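For reference, the structure is listed below as structure tokens.
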Amino acid sequence: MRFQLDAMPAYDAYDAYDAYVICTSPRSGSTLLCKLLSATGVAGRPGSHFHEPSLVAWLEYYGLEPCAGELDSLKAVFDAAREKGRGGTDLFGLRLQRHSFDFFQQKLALLHPEEQTDRARMEAAFGRVLFLHLTRAEKLEQAISFVKAQQTGLWHKAPDGRELERLSAPREPVYDGPAIKAELDLFEAFERTWIEWFAVQGINPLTITYDALSEDPQHILAEVLTNLGLDGDLAKDVELPVAKLADATNQDWAERFRQDYAAS
């Protein structure tokens, strides 16, 4: 299933924001966008501050001890997340991956039971929020990128070739059609649920595509800064923090997958 992203309505526009939330899924360029925004020095320090669907994991991530009750533990976590996500600025940045989103909302509902919607609870926690929908139109490329990163252990590298994030020992990638198909189905499901959630919550996000971000990152950064009420010219001085990992292997796998699953 493919989505016509240009059919999305105009995004919500406010005079000022206290926070922004990048709604996305893995291998959509979110690390690039987060690093670009952080590098401006005015747009907080966006990251996956609630990455694992586990309160224990959240406490460990922030170096916090469990409190006597769950509610107090959650308050401590969200206080720490706000501080980290602001990064010494007035703006809070957050990247939300779909796999942990439901758990995040369940815990947010415990903190703000007076609010009736996900959006209202997020704004009670973080202030006025600009929602960004960072998406990758070619889900097959996204799935291949994910499977390849899992196999090789390399998730991000710098433009000069230095490894920035490696999660396992190096090994050669091997084509795995069923694994790619499983991730493809998952990423398409993530896309559907994000779009459905925006509609239910009455959110018109600022939509950013992986292709646009990778082709002209400074332009996209300037656009985001401007819509946050910040100086878009700051983007001119920000250097590219990560490099694309796609190569001939990705292309070969895509061609082979299309042949293998042509009748699906």
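The values are calculated or read from the model by the stated rules, or taken from the named source; none is laboratory data. What you see is a predicted model, and the numbers here were worked out from it, not measured in a lab. Quick reminder, even Gly has a Cβ in these numbers, built from the backbone with ideal geometry, and neighbours come from all protein chains shown. Only protein heavy atoms, including side chains, enter the accessible area calculation; ligands, DNA and RNA are left aside. Shrake-Rupley method; radii C 1.70, N 1.55, O 1.52, S 1.80 Å.
Annotations for the structure displayed:
- There is no residue in the stretch 51-71 that is among the hydrophobic types (A, V, I, L, M, F, W, C) and within 23 Å of Ile203 (Cα to Cα).
- From the options Leu59, Leu96, Leu130, Leu110, residue that is surrounded by fewer than 16 Cβ atoms within 10 Å (Cβ to Cβ), aliphatic (A, V, I, L, M) and modelled with pLDDT of 95 or more: Leu110
- Residue-level analysis places Glu223 among those that are of a type in the set (Asp, Glu), surrounded by 13 or more Cβ atoms within 10 Å (Cβ to Cβ) and within 16 Å of Ala39 (Cα to Cα).
- Selection count, the stretch 24-44, where residues are farther than 10 Å from Leu234 by Cβ, open to solvent by less than 20 Å² (accessible area, probe 1.4 Å) and assigned to a loop (DSSP other than H, G, I, E, B): 4
- With respect to (1) of a type in the set (A, V, I, L, M); (2) crowded, with 17+ Cβ neighbours inside 10 Å; (3) modelled with pLDDT under 95, the lone exception for Ala125 is condition (3).
- Output for the stretch 226-250, where each listed residue is without any contact (Cβ under 8 Å) to a residue 60 or more places away in the chain and either open to solvent by less than 50 Å² (accessible area, probe 1.4 Å) or touching a His at 6+ places or on another chain (Cβ under 9 Å) (or both): Gly232
- Entry remark, the stretch 73-83: residues being surrounded by fewer than 17 Cβ atoms within 10 Å (Cβ to Cβ) and within 22 Å of Leu230 (Cα to Cα) number 1 in total.
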